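A short worksheet on the structure shown next.
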Amino acid sequence: MNRSRRRLAIAQGVTAVTLWGASFVATKVALTDIDPFTVIWIRFGLGVLVLGTTVVVRRSFAFPGFRELSLLVLLGFIGITLHQWLQVTGLLTARASTTAWIIATSPVFIALLGRVFLNESLSRGRVIGIALATFGVLLTTTDGELRLLMHLSLGAPGNLLIMGSAMTWAVFSVLSRYAVRDRDVTLSLFFVMGSGWALSTPFLLVSGVPSFDAITTEGWMALVFLGVFCSGIAYIFWYNALQAIPASQAGSLLFLEPPVTVLIAALILGEAVTIVSIASGLIILIGVWMVTRHGHPLKTDAPSPEGRRDTPGLA
């Protein structure tokens, strides 16, 4: 492989992961002005414009058949409308750094889905990894005060919603491997994101059309960053990287996402970086690494487009 192309691919992958890591912080900033559904609607409306423009420039547009379109719409509801509502609403009270650590456990939920629905075996290494990741999540959500679990508390109310968003992303990841493996991924993401954005519109109207005058300059900057960079450019960069380097190598870059969030949240939101948060984060990453290393959960026989087998977290 051309060395310069490899370096460019790694740079694009790191850029995408960094943008996703910053997205949790940007969402917290946007939520100071508007409600969750408005954040989702504006963010993914901008994302659809970016992806749509890319599809037109690449001349890769092709309208899917009814059956395929139905699956893409389902993915849009699960991966955008539902997943993002859980995540953004959770961020009203959950810390950005805690959110990043919890979302990083999505591969654990994917492995559990394989066990429950496909009767896939779990090796001893993966079981230990699941246990470690679970302990790390409990540690970070309770700030080390594990006695809170005796009162059925996971710390901030939003932490439970964030866990729900990690679960829905696992379901989305599994389904998307079957939906996009025979189609250009940018085009598939365009239909997924577009349908998710469209399905969020009725919820926006029911909750009340917001006053856009209430959005501050900082709020608009956060929304543009989320829509253009995190929901548009980051995905284009990520899949460009996956075409040039193995998915396993690109996937390892995702371990950078939570530390990026912790750093940016500390600088912009003033979130404290404690020994407990660092220790629990390391435990989670080790657990997730063990789960992914000891067998790829829900692996399909046929590779997805450009040889991919992994779907990144939609931050």
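Read-outs throughout are calculated quantities, based only on the coordinates presented, and are distinct from any laboratory measurement. All of these numbers come straight from a predicted model, not from anything done at the bench. Cβ: placed from backbone, ideal geometry, glycine included. Neighbour counts: every protein chain shown.
Observations on the model:
- Most fluctuating residue given options 220, 101, 238, as computed from a GNM of the chain linking Cα atoms under 10 Å: 220
- Förster radius 35 Å - calculated FRET efficiency between residue 147 and residue 255, Cβ distance, rounded to 0.05: 0.70
- From phi via Karplus (6.51, -1.76, 1.60), per-residue ³J(HN,Hα) for the range 67-77 in Hz, x at Gly/Pro: 5, 5, 5, 4, 5, 5, 5, 4, 4, x, 5
- Of 293, 147, 115, the one that fluctuates the most in a GNM where the chain has Cα springs shorter than 10 Å: 147
- Per-residue HN-Hα couplings for the range 44-50 [Karplus 6.51, -1.76, 1.60; θ = phi - 60°; Hz; x = Gly/Pro]: 7, x, 5, x, 4, 4, 5
- Backbone phi angles across the range 268-273, fed through the Karplus curve with coefficients 6.51, -1.76 and 1.60 (θ = phi - 60°), yield HN-Hα couplings of 9, 9, x, 5, 6, 9 Hz in residue order; Gly and Pro are listed as x.
- Distant-in-sequence amide H partners of residue 120 (H built 1.01 Å from N, under 5 Å): 115
- GNM on the chain, alpha-carbon springs under 10 angstrom: the most fluctuating residue among 37, 229, 61 is 61.
- Near the amide H of residue 93, within less than 5 Å, lie the amide hydrogens of 158, all on another chain or at least 5 residues away, with H placed in the peptide plane.
- Cα-based shape type of the range 182-301, given that a ≥ b ≥ c are square roots of the gyration tensor eigenvalues and the cut on a/c is 1.5: oblate
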